[in-house]
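The values are calculated or read from the model by the stated rules, or taken from the named source; none is laboratory data. On a predicted model such as this, the values are computed, not experimentally measured, just so you know. Heads up, the Cβs are rebuilt from the backbone with ideal geometry, glycines too, and the neighbour counts pull from every protein chain shown.
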Amino acid sequence: MKSKRYHLFAWFSEHQVFLELLFVALLGFYMTVWSISKPYNYAPDEAMRYDLPLYIYQNGRFPLGDDPTIRNAIWGFSYAFMPTWLEPLAAACCMHVVAFFFGESGFKLLVAARFVSVVSISGMAFCLARTLDRLFEKHIKWLTLVIICLIPQVTFLGSYVNQDSVNLLGVAVILLAWVQGIQDGWNVKNSILLSAGISIVALSYYFGYGWILASILLFFVSFFAKMGKNQDLSRMWKLTGLICAIVIGITAFFFIRNLVLYDGDLLGRTSMANAQRLYARPDFKPEQHPSLQAQGKNITYLLHDKGWWQKSFISFIGYFGYMEFMVNEWVWGGYALLFTFLLIMCILSSVFVIKRKEKTKAVFGVLLGLMFLFSIFLSYWYSYTSDYQPQGRYVMSLLPALTMITANGIKTAEEHKVLKSIVITGMVVYTILYVFCNVYMPSQSGMN
C-alpha cells in the first residue's frame, strides 16, 4: 500500500499539469459559487458592462456608443464607444448557450456573462502556473500561485462582469509566451501564443497596452540573443509577419470601426467625453468635476497624496462592492509587508543577474519591472488627467510581473539567508517604529 501511495505521489509530482488543472478547477469553482450567489450590479460598473453583451444577445449586432438603450442616464455615455469588444462578444456567446439549454431567465443570462470572468481568471492562473513551472522549483511555484491567485481582489474580479479579468488573462498569456520564446527560441507555436496574448489585451483594456509594446522589444532582443553568429534574419521576419497577421486579423475590424464611426477616435475616449458633456446628468457633467490637471495641479501632486496610494493598494488586495467593503487591516497590512520583503529580495537578486552579465535575463527582468511601474503610472495618469479614482483594478495588469517578483523573492530568500535576516530585521524595526510613532504616540497625546 505504501509503495502504491509513493508511486501515485511521484506520478503527480512528475505530471505537474494535472495538479495545476486541479488547482485551476477548484479556483474556478470558488469563483463560480461567488458569481451565482451575488445580485446584479453588486460590483463596480457591472451594470454598464453587462449592457453590451445583453444588447448583442438581444439584437445580434454591436451598439453605437450613444445608443439611448445602453447610454447610462447618470454618466451620459456607454462603454460601446471603446473598441474592446472581446469580453462582450464572449459573454454574449455564453448567454446564447445558457439560454439554449436552460431557458432565457434574466439571472441565468447574467451568470452566463459572468462566466467569462471566471474562465479568464482561471486561465490566467493556469498560464502563471505553466510559466512558474519553467522557471522555479515546484515548492516555489505552488507557494507563489497560492499567494497571487488567492488575493481577495483577484477572485473578486472573477465573479462579475468586467474587462479587467480578460485583460489579466491576456497579459498572463504574453508572459508565458515570453518565457517560452526565451527558453525554446521563437518558433511558430510561441509566436502564435504571443499573438493570442497581444490580441486579448488589445481587445480587453488599455491599462494592459504596455505589455504589447514590451513584447515587441523582448521578441527582437531574445531572437537576436538566440541566433548568435548564424543570424537567420529571414526566419525572424517571417515570424514577425505571422504575429502581425494574426493580431491584425483578430483586432483590425474593431479599431477600424472606431475610426470610421467616431471621426478617427481610435480608443473612443474623446467620444465618451463628448457624450458625457451632452447627456450626463447636470451634476455629473465633466465641468462639474474638473480633473487635477484642469485644476492646475502639478503632475507630482498625487505623489504626495497618501490617500491615493493607500486606497489604490488596499483595493488591489480587497475592496468589494462599489468600494464599500474593505478587507481587515491585518489582511492588507500583511500583504504589504510580504510584498515589500519579496520586492527587496527580488531587487537584490536582479543586481546579481546584472553583475553576471546575463543579458537576456536582464532584459526580461527590466521589462517586468517596467510593466510593474507602467501599470501604476497609467492609473496615476488617469487619476490626474481624467477621473480621480484610486482603484486597484486599474493596476491589475501588473499582477503577472508581481508573480515573477514574488517567486524570485522567495528563491532569493532561500539562497541568501544572511540577506533575508537583514531585510526581515529591518522590516521588523521599521514596523515597530511606525506603530510607535503613528499609533502609540498619538494615543498618548490624546489621553493627555
If ALA43 satisfies every condition in (1) closer than 22 Å to GLY123 by Cα; (2) over 20 Å from the mean Cα position of the chain (by Cα); (3) at pLDDT below 95 but one, which is the exception? (2)
Regarding the range 58-80, can at least one residue be identified that is in contact with a Lys or Arg (Cβ under 6 Å, 6 or more places away or on another chain) and in a helix (DSSP H, G or I)? no
Restricting attention to the range 257-287, which residues are touching a helix residue (DSSP H, G or I) at 6+ places or on another chain (Cβ under 7 Å), among the hydrophobic types (A, V, I, L, M, F, W, C) and over 15 Å from ASN72 (Cβ atoms)? LEU266, LEU267
Before we move on, is PHE126 touching a Leu at 6+ places or on another chain (Cβ under 8 Å) and under 25 Å from LEU168 (Cα atoms)? yes
Has the range 99-107 got any residue that is in contact with a helix residue (DSSP H, G or I) (Cβ under 6 Å, 6 or more places away or on another chain), part of a helix (DSSP H, G or I) and not aromatic (Phe, Trp, Tyr)? no
Go through (1) farther than 28 Å from PRO400 by Cβ; (2) modelled with pLDDT under 90; (3) surrounded by fewer than 16 Cβ atoms within 10 Å (Cβ to Cβ) and name the single condition PRO286 misses. (3)
Please specify each residue of the range 194-248 satisfying the condition of being at negative phi and not in a helix (DSSP H, G or I). LEU203, SER204, TYR205, LYS229, ASN230, GLN231, ASP232
Could you say whether any residue in the range 123-130 is touching a Lys or Arg at 6+ places or on another chain (Cβ under 8 Å) and modelled with pLDDT of 95 or more? yes
Going by what's in this entry, would VAL171 be described as part of a loop (DSSP other than H, G, I, E, B), among the aliphatic types (A, V, I, L, M) and in contact (Cβ under 8 Å) with a residue 12 or more places away in the chain? no
Testing THR131 on (1) under 22 Å from the mean Cα position of the chain (by Cα); (2) over 30 Å from PHE284 (Cα atoms); (3) without any contact (Cβ under 8 Å) to a residue 60 or more places away in the chain, one condition comes back false. Which one is that? (3)
For the range 41-65, what are the residues that are hydroxyl-bearing (Ser, Thr, Tyr), surrounded by fewer than 20 Cβ atoms within 10 Å (Cβ to Cβ) and touching a helix residue (DSSP H, G or I) at 6+ places or on another chain (Cβ under 6 Å)? none
Would you mind finding the one in ILE216, ILE212, ILE198, ILE147 that is closer than 23 Å to LYS361 by Cβ and either crowded, with 24+ Cβ neighbours inside 10 Å or acidic (Asp, Glu) (or both)? ILE198
